[in-house]
Amino acid sequence: MLRRAGSSLRHFLVERKSSAGYSLCSREAKMSRPVQARRLEGIDKNVWVEFVKLAATYSKVNLGQGFPDFPAPDFLQEALKRALSEGTHMLHQYTRAFGHPPLVKVLAQIFEKVLGRELDPMTNVMVTVGAYQALFCCFQAFVDEGDEVVVIEPFFDCYEPMVKMAGGTSVFVPLRPKAPKDGKLMSSADWQLDPAELASKFSERTKAIVLNSPNNPLGKVFSRGELELIAELCVKHDVLCISDEVYEWLVYDGKEHIRIASLPGMWDRTVTIGSAGKTFSATGWKVGWTVGPDRLLQHVRTVHQNSVYHCATIAQEAVAQGFQRELTLYGKPESYFVQLPKTLQQKRDLLIQILVAVGIKPIVPEGTYFLVADISEFKSDVPEVPNSDEPYDCRFTKWMMKNKGLAAIPLSTFYSEAHKNNYPNFIRFCFAKEEATLKAANDILQKWKKEKTSS
Ligand code: IK2
């Protein structure tokens, strides 16, 4: 068998040499042909790779990447231990490609409640390796060469390269800030779409819109009116909605997270994406899902079965048990879905207090792990470099990491190339952290502020 493979390889090399006029055995010939696929051009850099490395090297306090530094809840840890020690040994083997049956069943039950419709666990739910893979599968499944995808800015950075890898083009529409009234702090709700501008982005080339509510990085929770506007355009132009709702349980101040798939005319054209990482404070588990009509999910399944195929069984089993607990406690005060946002709201408020005390102006987020803030007060320590290719917020954030040991993420990360310099004085902090971590950030900022005023 091997020998046959060897002889056909030799045959292939001879053919190559005669048709292309070069031998693959020579070093120069190997280098003469581009190895990089065209669709990878311009997307080789990734902010998380760069900033995670910088934070690991320099930061003492990491408010950069979005992960909690507090433990995942005991019931989830116990579920994993049980799956390992008491579960069948078959939990160490492959399970159903499109989702471990106990997980898709309980997800269907949860989403039946929140969407107000019956779901078939086998055809309306698919499990993925985190929401990230769910997004990738959706873009690959729905976007073709020449298609346009409307992306609301600022946006979770992977949407644009993923659209490009599928052969499509992102068309950006901004959330525009309105000045807050009466000297109040700005809220993420003050960042709004202009309805006429949004409508102008839809054409016969538009295949899909990506919605992310609650939004990373602003923490904006889209209102019913805003979602109805998007829904109306989707229906009018026969456009799909890829709805990234990974922060669905993390909304504050009594706000309501409304799922666009629940609006009239939207179920049939929406894939809703979620993440156990964000839901259960266990981002490293990388369990995510898609929920939607079979007519859409059948194509998402095709991408999944021809790429990742299957997600870790044991993690799916433990997440299923976590959801089972939440189903039993649904709406009750002991539910993690009720507890976690309460805890995070306190952390958000603590970080707001810390920032305001040193003159950094936060945009109060209505949801998510994140808070975007105006660092103009500290700008004089990090001088502008005229005509630099690097946006100012990037240089500021790197300087802060290296010189003050505090990690954050520049807001420009969440903007397209053309708009990266629109908000040079804003950076994103993650507040899903232990109180001690937030207080350590406070110590750094207080010391920095003191040094500034005494110099
Ligand atoms: N969609 C959004 C909006 C996300 O924020 C994430 C998680 N990424 O957060 C890192 C950060 O912004 O610091 C994902 C999708 C991916 O979720 P998962 O971890 O389940 O793949």
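Observations
- Condition met for Ala440 (open to solvent by less than 40 Å² (accessible area, probe 1.4 Å) and at pLDDT 95 or above): yes
Each row is one residue, and each column tells you yes or no for (1) within 16 Å of the ligand (Cβ to nearest atom); (2) surrounded by fewer than 23 Cβ atoms within 10 Å (Cβ to Cβ); (3) more than 21 Å from the chain's Cα centre (by Cα).
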{"site": "Val47", "(1), (2), (3)": "yes, yes, no"}
{"site": "Lys60", "(1), (2), (3)": "no, yes, yes"}
{"site": "Pro71", "(1), (2), (3)": "no, yes, no"}
{"site": "Leu91", "(1), (2), (3)": "no, yes, yes"}
{"site": "Tyr94", "(1), (2), (3)": "no, yes, yes"}
{"site": "Glu112", "(1), (2), (3)": "no, yes, yes"}
{"site": "Gly116", "(1), (2), (3)": "no, yes, yes"}
{"site": "Met126", "(1), (2), (3)": "yes, no, no"}
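- Filtered by the rule that a residue be among the aliphatic types (A, V, I, L, M) and either within 10 Å of Thr397 (Cβ to Cβ) or touching a strand residue (DSSP E or B) at 6+ places or on another chain (Cβ under 7 Å) (or both), the range 51-65 gives Leu54, Ala55, Val61, Leu63.
- With respect to the conditions (1) within 16 Å of the ligand (Cβ to nearest atom); (2) out of contact with any Asp or Glu (no Cβ under 6 Å at 6 or more places or on another chain), His257 falls short on a single one, namely (2).
- Output for the range 367-407, where each listed residue is away from the ligand (no atom under 16 Å from the Cβ) and among the acidic types (Asp, Glu): Asp374, Glu377, Asp381, Glu384, Asp389, Glu390
- Selected residue [within 25 Å of Tyr309 (Cα to Cα) and at pLDDT 95 or above] from Pro71, Pro102: Pro102
- Every residue from the range 417-450 that is away from the ligand (no atom under 16 Å from the Cβ) and either within 15 Å of Ser376 (Cα to Cα) or not assigned by TED's automatic domain parsing to the domain that holds Gln65 (or both): Asn421, Asn422, Tyr423, Pro424, Asn425, Leu445, Trp448, Lys449
- Options Val372, Val303, Val319, Val308: the member that is in the same structural domain as Glu112 (by TED's automatic domain parsing) and either closer than 28 Å to Ser455 by Cβ or open to solvent by 50 Å² or more (accessible area, probe 1.4 Å) (or both): Val308
The values are calculated or read from the model by the stated rules, or taken from the named source; none is laboratory data. The shown structure was predicted, so the numbers you read here are calculated from the model rather than taken from an experiment. Every residue, glycine as well, gets a Cβ built from its backbone with ideal geometry; the counts of neighbours run over all protein chains shown. Note: areas computed on protein heavy atoms with side chains; ligands, DNA, RNA excluded. Shrake-Rupley method; radii C 1.70, N 1.55, O 1.52, S 1.80 Å.
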